Each structure stands twice: as C-alpha cells, then as structure tokens.
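Comments concern the structure below.
Only the coordinates and a few stated rules stand behind these numbers; no lab work does. Keep in mind that this is a model prediction, so the values were computed, not measured. Here the Cβ positions follow ideal geometry from the backbone for every residue, glycine too, while neighbour counts run over all protein chains shown.
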Number of protein chains: 2
Amino acid sequence: MDTERVAQVRTAMPAGEDVADLAEVFGLLSDPGRLRLMVALLGGELCVGDLAVAAGSSESATSHALRILRAHRVVSVRRSGRMAYYSLADAHVRTLLEVALAHVEHSVMVHQHPVGSDVRG
Amino acid sequence: MDTERVAQVRTAMPAGEDVADLAEVFGLLSDPGRLRLMVALLGGELCVGDLAVAAGSSESATSHALRILRAHRVVSVRRSGRMAYYSLADAHVRTLLEVALAHVEHSVMVHQHPVGSDVRG
DNA sequence: TCGTCGTATGAGCAGGCTTTCAGGTGTCCG
DNA sequence: CGGACACCTGAAAGCCTGCTCATACGACGA
C-alpha cells in the first residue's frame, strides 16, 4: 500500500461530480444508435426522418434517442413547420467524436473481438 | 427526405463494426468506477489495492472492473509476487481520457443536472 | 374542415450492467 | 508447515437501459 502515491493520485482525481458528468457523456456515446446519430450530425443539421435512415434505426427509436441527447444539451433543434432539424450543440462531444473517429480511421486496431478472450486463461 | 444528403452521410459513416467498437470503448469509459480507475492509471502503474482506494470502491468491484478492462486490452498487468500492477495499455483510450479531462478542467460547464430538464416543456 | 405527414411520447418488456457476498488460488513470512 | 496477505472468481440481486407498439400532437394541403 503506497500511501503517498495513492494520496497523490486522489488529489489529481477530478471531483466526484466531474467524473460522474464525464461518465455520463461517455455513456451517451456508448450506444451504437446514438453514436451513429451524432456521427451523422457531424456534417450538419438533419431532420429526424433522415437521421433515422442515416443511422439505420426506426423513427421511434431515433426520436427517443434524440430526446435523451436533447436533455443532455448534446444536440439542439430548429423547427420549421412540421419538420425538426437537429444539430450538434456540444463542442466537447464534437471533439471527442472527431478524436475517436480519427483513431478509428488510421487504426491498426484490427477487429479481434476482445471480450471473452481474457489474458492468462 | 433529402435522399442525396442522406446517401452522402451514409457514405461518410464508418463501418458498422467500427461504430460498434467505438461504442464499446465509450461504454468502458461510461462507468464512474472504471473511469476513476483509468484516470488513476494515467499517472502510471498501480496495484489493485491502491487502485481500489484511489477509485473509492471495494477491492472486489475493482478486480471485476479490471478484468473487463483487461479483456478489452485497455490495461495490462505486471505481476510481482502476490502483487498485480496495472497500467494503461491503450493509447487511444489514454488520448480520449486526456481530451475529456482537459475539457472538464477549464470548463464553463457548470453542473446543471441536464437529465429531466427537457427543452420546450 | 378532413386526412395525411413528421414528430413526440408513454407503457411495457427483454437484456445487460455493476455491485456484493462468499469462497478460491498462489505467495510470503515465521 | 501454517497463517496471513493480495488478488481473482462465480453466482445472485438490483438497477438501469433501449427497443417496439400504440397513440397523441401540430402543421400542411385540398
């Protein structure tokens, strides 16, 4: 038990609420459906129907997902008649998204289905 | 339905497996406990007991969490006697972590509990 | 005004997740 | 060798999540 080292790490650790907020943001990004939605929005605003097609999920699921993203201020809506145009509203999320996508692009990370293949069997 | 625009977005969209992998990584980061573990490891390797204290959770929960991170190759172990020293093994995750933390640091994002406080009530 | 379209919402269900509890393995010290 | 220590693991509980189905709302066109 390296008490000193632990104390140092605990000091460097962000406040509990900050960690919780961060975890929440990552949680938003952790659903493939929502992730596709946000990636689709990287290029600019899109209406719900188009978003659903682009993300490959039902309109209902898309609407539910957008509701959550809206509640977290990750996206914003612009209404025009009966249409609703969504766009990315959170710069941090956009950055995270771009960083992650950049890594995926030129990635040597071949798909190797890590889950279940534990080390030291 | 802007067919052209949708087609373009769908073309720019990463492959399904890439999105899934990304979502999985974000999912790893979406648990406060695991997140604290990874943040603690940013400064270098730490043993399980210290990690548990630093992250503020039980040793069992910590061990379970580490098992998952290990399975995803996010952390690696160095064993010395009965001790197990863990360290971050994934450069992408490290970058994501650093970017996210940097945003949290100099953030104007005051805690405003976004969930439930929907727009246009 | 009536029907249709685009979207939003609520209930309910199936599935996954993390934690705790209890017990197990391997290592170090006397 | 026996006990203590650091860590690992399995099973069960409780919680939360995201989907589908059905329905409701506002806007547009005839």
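With the helix formula -39500 (n - 2.57) applied to DSSP H stretches of n ≥ 4, chain B reaches a computed 222 nm mean residue ellipticity of -18000 deg cm²/dmol. Residues of chain B were split at every exposed loop site, defined as trypsin sites (Lys or Arg not before Pro) in a DSSP loop with at most 16 other C-beta atoms within 10 angstrom, and the longest piece left, sites excluded, is B:1-72.
In terms of its C-alpha gyration tensor, the protein assembly as shown comes out prolate, because a/c is 1.5 or above and the ratio a/b outweighs b/c. Phi angles across region A:39-48 convert, under the Karplus curve 6.51 cos²θ - 1.76 cosθ + 1.60 with θ = phi - 60°, into 3J(HN,Hα) values of 4, 4, 7, 4, x, x, 5, 8, 7, 4 Hz, Gly and Pro given as x. In order along region B:11-26, the phi-based Karplus estimate (6.51 cos²θ - 1.76 cosθ + 1.60, θ = phi - 60°) of 3J(HN,Hα) comes to 5, 6, 5, x, 4, x, 5, 5, 4, 4, 4, 4, 4, 5, 4, 4 Hz; Gly and Pro are listed as x. Within 10 Å of the Cβ of each residue in A:7-17, the mean number of Cβ atoms contributed by other protein chains is 5. For a modelled paramagnetic label at A:S58, 7 Å from Cα along Cα-to-Cβ, the residues of region A:9-34 in reach, with backbone nitrogen under 20 Å, are A:31-34.
Mean partner shielding of peptide A:27-34, defined as the number of other chain Cβ atoms within 10 Å of each residue Cβ, is 5.
Karplus-derived 3J(HN,Hα) values for region A:4-9, using 6.51 cos²θ - 1.76 cosθ + 1.60 with θ = phi - 60°, are 4, 4, 4, 4, 4, 4 Hz; glycine and proline are entered as x. To the nearest Å, what is the center-to-center distance of region A:86-101 and region B:5-69, using C-alpha atoms only? Going from one Cα centre to the other spans 18 Å. Summary for A:R79: label point 7 Å along Cα→Cβ; distances to the equivalent points in the other copies, ascending, 6.1 nm.
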